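What follows is a set of notes on a single structure, which appears directly below.
The values are calculated or read from the model by the stated rules, or taken from the named source; none is laboratory data. Everything quoted here is computed from the prediction, not taken from an experiment. No Cβ is skipped: glycine too gets one built from the backbone with ideal geometry, and neighbour counts run over all protein chains shown.
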Amino acid sequence: MQEKELRPDCPSAGATVLGRRSFLGGALSLISSPAIGAALESRSDKSVLRFGLTPVFLSNDIDVLDELRNYLTKATGHEVQLVTQRTYQEVTALLVAGNLEAAWICGYPYQKFHDDLALLATPLWRGRPLYQSYFIVGSQSRAKTLDDCKGNVHAFSDPDSNSGYLVTKAYLSERHTSEDSFFRKTFFTYGHRNVIRAVASGLADSGSVDGYVWEVMRNLEPGLVDQTRVLIRSTWHGFPPVAAPARLQNTEVFNTLQSAFLNMASDPVGRSVLARLELDGFVDAPQSTFDSIAANMAHVRSLG
């Protein structure tokens with residue numbers, strides 16, 4: 001029997017096909033929940049900028065979060081509140097509903113809701129605003145091709161993740177099959193690090209993971225990552241961007257936040273944040289940077 005999630009309260013893969021009305025309805029219910037409501041107190045102080053972070057953000061290290069908040073506060077001249085959530089859907093819902101000024105999301109939800117969102121800045125990694133999805137297996141696996149992984153237990157990151165879900169779904173669509181038919185069992189880990197841990201430990205035979213996260217973790221935790229092997233590297237896709245509600249585009253808030261990200265590499269604290277994340281900076285990338293993600297979305301839709 002196909003396992004769709006690790007815990008009953010995790011959103012299933014069906015969340016990826018929510019219509020805009022259902023999605024915004026979900027946003028309102030998320031906002032009214034105590035956990036998120038506490039993070040989004042009354043906006044009596046309009047000088048506070050709320051910035052959302054999803055699992056695309058590599059580290060939960062308090063020092064990194066504090067340094068990022070300190071940099072953004074200094075660069076914008078506003079108090080900055082970081083809002084962290086466990087899933088992409090939660091943060092994207094808040095962003096689309098206008099309850100965050102900006103968020104670091106994934107290219108997949110950015111494309112899904114591009115009419116409601118404005119591209120604010122895109123990270124530069126190894127000199128380009130691009131990254132790859134990695135299909136990984138255990139280091140001792142004999143698999144040489146994707147077809148060798150038929151019948152695997154497979155770990156996905158998040159149903160709204162490009163690298164951690166959509167790319168592999170597109171691979172399978174090209175074979176006129178689905179994850180339900182191809183894999184023996186799948187589950188979502190709700191974090192790219194967790195995908196690596198699942199494959200390294202043998203909890204999963206294979207996994208779909210952000211290539212940037214895998215490469216950075218190879219430097220941070222080589223003993224863990226060496227227990228996995230990259231079987232497939234995808235084509236290049238737009239790096240998970242920072243986005244804002246479309247209604248804020250060209251406003252003072254939007255321009256201030258955009259300037260803060262684009263000038264991060266010019267500031268000592270900003271450079272420290274970038275060094276921790278192994279990024280080169282942020283750029284104002286063109287919309288076409290994310291065309292490959294839109295193409296995968298269309299391809300998956302066309303094949304059902």
Open item on the list: Quick check on this structure: which one of 285, 243, 275 is of a type in the set (A, V, I, L, M, F, W, C), part of a helix (DSSP H, G or I) and either on the phi < 0 side of the Ramachandran plot or touching an Asp or Glu at 6+ places or on another chain (Cβ under 8 Å) (or both)?
Closed with: 275
Open item on the list: Checking the condition within 28 Å of residue 169 (Cα to Cα) and either of a type in the set (Asp, Glu) or not assigned by TED's automatic domain parsing to the domain that holds residue 112 (or both), which residue from 244, 294 passes?
Closed with: 294
Task: Residue, nearest to the chain's Cα centre (by Cα), within the stretch 194-210, restricted to residues that are surrounded by 23 or more Cβ atoms within 10 Å (Cβ to Cβ) and within 18 Å of residue 132 (Cα to Cα) - done: 210
Open item on the list: Let me confirm something: among 204, 200, 265, which residue is assigned to a helix (DSSP H, G or I), at pLDDT 95 or above and farther than 30 Å from residue 75 by Cα?
Closed with: 200
Open item on the list: Being assigned by TED's automatic domain parsing to the domain that holds residue 259, on the phi < 0 side of the Ramachandran plot, buried (at least 22 other Cβ atoms within 10 Å of the Cβ) and in contact (Cβ under 8 Å) with a residue 24 or more places away in the chain narrows it down to one residue among 94, 124, 82; which is it?
Closed with: 94
Task: Filter result for the condition that a residue is more than 18 Å from residue 83 (Cα to Cα), among the hydrophobic types (A, V, I, L, M, F, W, C), within 22 Å of the chain's Cα centre (by Cα) and at pLDDT 95 or above, over 248, 257 - done: 248
- [ ] Pick out the one residue from 250, 255, 194 that is under 22 Å from residue 124 (Cα atoms) and either without any contact (Cβ under 8 Å) to a residue 60 or more places away in the chain or not in a helix (DSSP H, G or I) (or both).
- [x] 255
